[in-house]
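Step one of this worksheet: look at the structure below.
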Ligand SMILES: O=C(O)CCC(=O)C(=O)O
Ligand SMILES: [Fe+2]
């Protein structure tokens with residue numbers, strides 16, 4: 001008999017989004033969850049993160065893909081990103097694989113299975129003037145053009161309460177439903193490499209094209225809660241005006257049916273994602289976005 005390891009307790013079941021909340025997510029593109037992590041789990045996350053910044057990873061990726069976001073001490077006190085944190089830190093990986101997070105994502109996206117796609121640890125230093133803290137408007141699917149699914153989503157997991165003051169993630173309400181204007185190939189570049197003003201202009205033009213107002217909704221997240229956002233919703237975040245660093249993990253998630261697809265940018269070059277240089281090949285010879293080492297399943301019905 002196969003035992004189902006993806007089970008929830010009665011209490012966890014009560015923490016899933018209601019049907020009304022799923023409807024809200026479909027319409028608005030974002031959702032703030034009930035508390036999905038315990039005090040104890042957040043303390044563990046924070047301690048493991050402190051340990052990572054002090055001592056480095058438990059294990060390194062087998063290779064360093066070209067677009068890896070990976071802060072190093074020599075970069076100084078700028079915003080830090082560490083991709084593949086669930087792989088490089090065992091303790092963080094263990095918490096991010098909590099089935100309840102996957103079950104929430106499954107219900108929101110209408111899928112039976114959820115795997116980790118990417119996990120990025122983020123640290124915004126406490127410095128109101130630090131320009132690198134500003135995350136310009138973008139939507140995540142731009143970086144994921146080699147993924148077949150249009151229902152990927154992200155859980156934004158913070159180590160403390162998150163508000164406008166400390167530069168919380170901010171959604172452009174309902175923008176996941178917008179039709180996109182054609183754009184040049186550079187849009188596929190990571191937002192960290194693009195001009196803030198240019199992305200502000202792309203947002204404005206796309207809103208206009210859709211006869212839509214730009215409605216900015218800062219996610220007010222209490223410690224333990226997390227915000228979820230659709231892979232096509234425009235979002236970004238502002239300066240950290242608080243006296244402490246803003247610390248979080250972006251847990252990017254993929255439905256079970258997601259797989260690599262061939263895709264080209266506007267210049268006719270083959271697109272790629274960091275996984276393509278790291279994960280195993282599937283039975284079709286494609287990069288395997290279900291490689292359990294890097295893209296573990298965290299929920300299955
Ligand atoms: O760190 C932020 O405020 C934004 C993170 C982000 O872009 C994401 O979670 O997709
Ligand atoms: Fe994003």
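Collect the residues in the stretch 243-264 that are surrounded by 17 or more Cβ atoms within 10 Å (Cβ to Cβ) and either part of a loop (DSSP other than H, G, I, E, B) or within 12 Å of ligand 2 (Cβ to nearest atom) (or both), keeping them in residue-number order.
From the stretch 243-264, those surrounded by 17 or more Cβ atoms within 10 Å (Cβ to Cβ) are 245-256, 258-260; that's our starting set.
Once the filter is applied, which keeps residues that are surrounded by 17 or more Cβ atoms within 10 Å (Cβ to Cβ) and either part of a loop (DSSP other than H, G, I, E, B) or within 12 Å of ligand 2 (Cβ to nearest atom) (or both), the stretch 243-264 yields 245, 248, 250, 251, 252, 256, 258, 259.
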Total residues in the stretch 215-230, condition part of a loop (DSSP other than H, G, I, E, B) and either within 15 Å of ligand 2 (Cβ to nearest atom) or farther than 14 Å from residue 177 by Cβ (or both) = 4
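Within the stretch 201-221, track down each residue that is under 24 Å from residue 36 (Cα atoms) and either under 15 Å from the mean Cα position of the chain (by Cα) or exposed (fewer than 15 other Cβ atoms within 10 Å of the Cβ) (or both). Step through it out loud before you land on a result.
Quick first cut of the stretch 201-221, residues under 24 Å from residue 36 (Cα atoms) only: 217-221.
Passing the criteria: 219, 220.
Considering only residues that are at pLDDT 95 or above and either surrounded by fewer than 19 Cβ atoms within 10 Å (Cβ to Cβ) or part of a helix (DSSP H, G or I) (or both), look in the stretch 175-190 and name the one that is farthest from the chain's Cα centre (by Cα).
By that ranking, first place goes to 179.
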Considering (1) closer than 18 Å to residue 122 by Cβ; (2) within 15 Å of ligand 2 (Cβ to nearest atom), say which one residue 202 fails and leave the rest.
-> (1)
Quick one: count up the residues across the stretch 49-62 that are assigned to a helix (DSSP H, G or I) and closer than 22 Å to residue 274 by Cβ.
-> 3
Flagged in the stretch 83-107 as free of Cβ contacts under 8 Å to residues at least 40 places away in the same chain and crowded, with 20+ Cβ neighbours inside 10 Å, in numbering order, are 88
State which residue is nearest to residue 293 (Cα to Cα) when the search covers only the stretch 108-145 and only residues that are more than 14 Å from ligand 1 (Cβ to nearest atom) and crowded, with 20+ Cβ neighbours inside 10 Å.
-> 115
Filter the stretch 146-187 down to residues that are away from ligand 2 (no atom under 15 Å from the Cβ) and touching a strand residue (DSSP E or B) at 6+ places or on another chain (Cβ under 6 Å), then give me how many there are.
-> 9
In this structure, is residue 233 assigned to a loop (DSSP other than H, G, I, E, B), under 21 Å from residue 176 (Cα atoms) and either within 16 Å of ligand 1 (Cβ to nearest atom) or within 17 Å of the chain's Cα centre (by Cα) (or both)?
-> yes
Count, please, the residues in the stretch 8-24 that happen to be in contact (Cβ under 8 Å) with a residue 60 or more places away in the chain, under 16 Å from residue 111 (Cα atoms) and in a loop (DSSP other than H, G, I, E, B).
-> 2
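The values are calculated or read from the model by the stated rules, or taken from the named source; none is laboratory data. The structure displayed is predicted, hence computed values, not measured ones. Reconstructed Cβ throughout: ideal geometry from the backbone, glycine too, with neighbour counts over all protein chains shown.
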